[in-house]
Amino acid sequence: MKNRQVANADRCGSSHDERAGGEPCEAVAAVAEGGRNERRVEGGVRAAGKEGICDAETVPVRPWTVYLIGGIGSGKSSVVARLREWGVPVCDLDETGHRALCLPEVKDALRRAFGACVFDECGDVVRRALAREAFATPEGTATLNRITTKSIVKLLDEWLARQAALAARRGDSAPVCVVEVSAYDGPNGRFPDPDEILAVVAPLEARIERAMTNGFEEKDVRARIARQPLDSERRAWADAVIENDGDMAQLHAAVDAWWLSHSRNACPATS
């Protein structure tokens with residue numbers, strides 16, 4: 001059952017793969033009511049109430065995995081940057097997908113499916129050419145997903161295992177990892193369901209303006225938004241929602257509030 005939280009950036013007061021999350025310090029970490037109620041552990045589940053997360057042996061524990069979702073221009077990158085200031089391990093699933101394209105078995109399958117036109121003279125995948133071929137039809141998109149998803153999930157699992165090992169060496173029995181998923185397609189979709197979903201949403205015009213500031217043409221932004229899930233769907237999927245409808249300080253306050261509700265060893269962010 002989901003524990004609904006809303007961190008409103010307008011109302012809240014207040015590298016990278018191998019980074020450790022929240023080194024122990026003197027800071028008092030708040031574990032907010034409505035946070036995690038259970039933690040997955042290899043071989044079982046242990047409870048975590050609002051008084052804090054119970055102790056466990058210093059052994060690798062599967063991290064509490066949070067998918068960060070949001071559409072183009074919503075502010076996901078700013079949320080990720082703030083989380084990294086806290087030392088939170090974050091995996092960019094787009095980058096993981098790019099790594100998957102370098103695997104020999106994936107290359108072989110792509111060559112059979114789309115031909116030599118998606119490779120350069122060195123035998124590397126040209127992502128722009130692959131996108132042109134794969135996204136031309138729904139069938140092509142489905143083929144690309146079928147070829148790459150298994151490898152992406154395997155790479156993600158390996159990253160989570162590394163984070164678990166790092167946490168165990170730190171004596172952290174309650175590790176939290178965030179996975180930025182730009183193409184989340186809902187529960188029971190391409191990727192395994194996480195322990196929690198954190199959505200960042202923003203007004204449409206603000207999203208368009210942000211994306212254009214980053215070099216996108218307005219028509220391309222609107223076309224991409226039209227192909228993505230609605231924010232109303234993201235809200236329905238999410239356990240917590242960050243409303244990015246204020247300035248950067250307000251967004252940081254919302255991110256900080258969310259993180260402090262999850263970490264017992266949080267050190268203050270840098271700014």
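Tell me, please, whether a residue that is among the charged types (D, E, K, R) and assigned to a helix (DSSP H, G or I) can be found in region 112-122. The answer is yes; a qualifying residue exists.
Do the conditions hold for Leu230, that is, is it within 30 Å of Pro63 (Cβ to Cβ) and within 15 Å of the chain's Cα centre (by Cα)? Spelling it out, it is not the case that Leu230 is within 30 Å of Pro63 (Cβ to Cβ) and within 15 Å of the chain's Cα centre (by Cα). Exactly one residue out of Arg162, Arg99, Arg84, Arg111 is touching a Leu at 6+ places or on another chain (Cβ under 9 Å) and at pLDDT 95 or above, and it is Arg99. Scanning region 95-142 for residues that are within 18 Å of Arg224 (Cβ to Cβ) and among the charged types (D, E, K, R), which turns out surrounded by the fewest Cβ atoms within 10 Å (Cβ to Cβ)? Restricting to residues being within 18 Å of Arg224 (Cβ to Cβ) and among the charged types (D, E, K, R), the top hit is Arg128.
Beta carbons closer than 6 Å, at least 6 apart along the sequence or on distinct chains, pair a first residue in region 48-74 that is among the β-branched types (Val, Ile, Thr) with a second that is modelled with pLDDT under 50 for Val61/Val41. The listed residues are Val126, Val118, Val90, and the only one of them that is touching a His at 6+ places or on another chain (Cβ under 9 Å) and of a type in the set (A, V, I, L, M) turns out to be Val90. Would you tally the residues in region 243-252 being over 12 Å from Ser78 (Cα atoms) and either surrounded by fewer than 20 Cβ atoms within 10 Å (Cβ to Cβ) or touching a Ser or Thr at 6+ places or on another chain (Cβ under 9 Å) (or both)? Number of matching residues: 2.
Conditions tested, residue by residue: (1) farther than 21 Å from Asp239 by Cβ; (2) in contact with a Ser or Thr (Cβ under 7 Å, 6 or more places away or on another chain); (3) modelled with pLDDT under 95.
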site: Ala116; (1), (2), (3): yes, no, no
site: Phe119; (1), (2), (3): yes, no, no
site: Gly123; (1), (2), (3): yes, no, no
site: Ala136; (1), (2), (3): yes, no, yes
site: Ala174; (1), (2), (3): no, no, yes
site: Ser182; (1), (2), (3): no, no, yes
site: Pro187; (1), (2), (3): no, no, yes
site: Asp193; (1), (2), (3): no, no, yes
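Residues checked against (1) touching a helix residue (DSSP H, G or I) at 6+ places or on another chain (Cβ under 8 Å); (2) assigned to a helix (DSSP H, G or I); (3) more than 15 Å from Gly97 (Cβ to Cβ); (4) of a type in the set (Val, Ile, Thr):
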{"residue": "Lys150", "(1), (2), (3), (4)": "no, yes, no, no"}
{"residue": "Ala165", "(1), (2), (3), (4)": "no, yes, yes, no"}
{"residue": "Val178", "(1), (2), (3), (4)": "yes, no, yes, yes"}
{"residue": "Gly186", "(1), (2), (3), (4)": "yes, no, yes, no"}
{"residue": "Gly189", "(1), (2), (3), (4)": "no, no, no, no"}
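Can you confirm whether Asp195 is touching a Phe, Trp or Tyr at 6+ places or on another chain (Cβ under 7 Å), within 18 Å of Trp64 (Cα to Cα) and not hydrophobic (A, V, I, L, M, F, W, C)? So Asp195 fits the description; yes.
Does region 184-206 contain at least one residue that is surrounded by fewer than 21 Cβ atoms within 10 Å (Cβ to Cβ), under 20 Å from His262 (Cα atoms) and of a type in the set (Phe, Trp, Tyr)? No, that holds for no residue.
Residues checked against (1) in contact with a strand residue (DSSP E or B) (Cβ under 9 Å, 6 or more places away or on another chain); (2) closer than 23 Å to Cys91 by Cα:
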residue: Ala136; (1), (2): no, no
residue: Gly140; (1), (2): no, no
residue: Arg162; (1), (2): no, yes
residue: Ala174; (1), (2): yes, yes
residue: Pro194; (1), (2): yes, yes
residue: Ile197; (1), (2): yes, yes
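The values are calculated or read from the model by the stated rules, or taken from the named source; none is laboratory data. Predicted model, so just to flag it, every value in this text is computed and none were measured. Neighbour counts run over all protein chains shown; Cβ positions are idealised from the backbone, glycine included.
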